[in-house]
Amino acid sequence: MNDISIFDIIGPNMIGPSSSHTAGALRIAHLAGKLVRGKITRAVFTLYGSFAWTYHGHGTDRALVGGILGFGTDDERIRDSFALAKEAGIDFRFVENKTEKDVHPNTVDIHLETDTGYSVDLRGESIGGGNALIRRLNGIDVELTGAYPTLIIKHIDAKGVLAYITTMCSGIDLNIAFMKVYRESKGKNAYTIIETDSPINPSIISALECHESILAASIVPAI
């Protein structure tokens, strides 16, 4: 039986009428925003299920834009996120997908582009109580909640990479709570996702990216 927190029942401190449609949506977008490098210039949100049908009335659209701006669930600026995003030079739009049924009812695909040419494609689900689950990252199926400080490493599925990653973590005295590897197939692109018990020292990024098979590394603070 899974443990249930009181916050799973009453939801988080938040702006908006629905923990699933506003707080959960914001957390998905917040995670997406942490995975890009540079200033976000373009965002496309593709909405499925109940998100696609009710996103105007429930504030899902404003929450998603607030998320990529880095706002928390209780930030008053969520109400003005459209105007603030336009001031920041972000071109954003929403696409309704009301035909695909084989998805969680509160699902959004997010495509982000930055001024450095960096981009990310992510699928997230709002799973209740303001909680979110990232299910897909750049075409690879993953599981990421953002509940812990998280290190996300994109790399080639090659011998010795995981040993190098764990050695680097040990070198900065980083205690690993959970670690999972997701890959396209043998020898192809992969993601190692490490959830930790404490904040992650940013110095690990440059150390990790020195390895020839590591393509990129990102730190996502707990949200």
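Annotations
- Looking across region 45-62, just one residue is of a type outside the set (Phe, Trp, Tyr) and within 24 Å of ILE193 (Cβ to Cβ), and that is THR46.
- Restricting attention to region 76-128 and to residues that are polar (S, T, N, Q) and crowded, with 19+ Cβ neighbours inside 10 Å, the residue that is farthest from the chain's Cα centre (by Cα) turns out to be SER81.
- Condition met for LEU112 (touching a Ser or Thr at 6+ places or on another chain (Cβ under 9 Å), in a strand (DSSP E or B), under 15 Å from ILE193 (Cα atoms) and not assigned by TED's automatic domain parsing to the domain that holds ILE204): no
- Criterion: surrounded by 15 or more Cβ atoms within 10 Å (Cβ to Cβ), under 21 Å from HIS211 (Cα atoms) and under 13 Å from the mean Cα position of the chain (by Cα) - qualifying residue of ILE152, ILE165, ILE134: ILE152
- Just one of the listed residues (GLU125, GLU87) is of a type in the set (Asp, Glu), closer than 30 Å to VAL181 by Cβ and not assigned by TED's automatic domain parsing to the domain that holds LYS186, and it is GLU125.
- Residues that are among the small types (Gly, Ala, Ser) and more than 18 Å from the chain's Cα centre (by Cα) within region 179-223 comprise SER185, GLY187, SER198, SER203, SER206, ALA207, SER213, listed in sequence order.
- When region 69-103 is filtered for residues that are out of contact with any Phe, Trp or Tyr (no Cβ under 8 Å at 6 or more places or on another chain), of a type outside the set (Phe, Trp, Tyr) and closer than 16 Å to ILE28 by Cα, the ones remaining, listed by number, are LEU69, GLY70, GLY72, THR73, ASP74, ASP75.
- Scope region 204-217; condition surrounded by 11 or more Cβ atoms within 10 Å (Cβ to Cβ) and over 17 Å from GLY160 (Cα atoms); matching residues: ILE204, ILE205
- When GLY66, GLY24, GLY33 are checked against the criterion of being crowded, with 16+ Cβ neighbours inside 10 Å, part of a helix (DSSP H, G or I) and touching an Asp or Glu at 6+ places or on another chain (Cβ under 7 Å), a single residue qualifies: GLY66.
- Hits in region 155-176 - residues which are hydroxyl-bearing (Ser, Thr, Tyr) and in a loop (DSSP other than H, G, I, E, B): none
The values are calculated or read from the model by the stated rules, or taken from the named source; none is laboratory data. Source: prediction; values computed, not measured. So basically every Cβ, Gly included, is an ideal-geometry build from the backbone, and we count neighbours across all protein chains shown.
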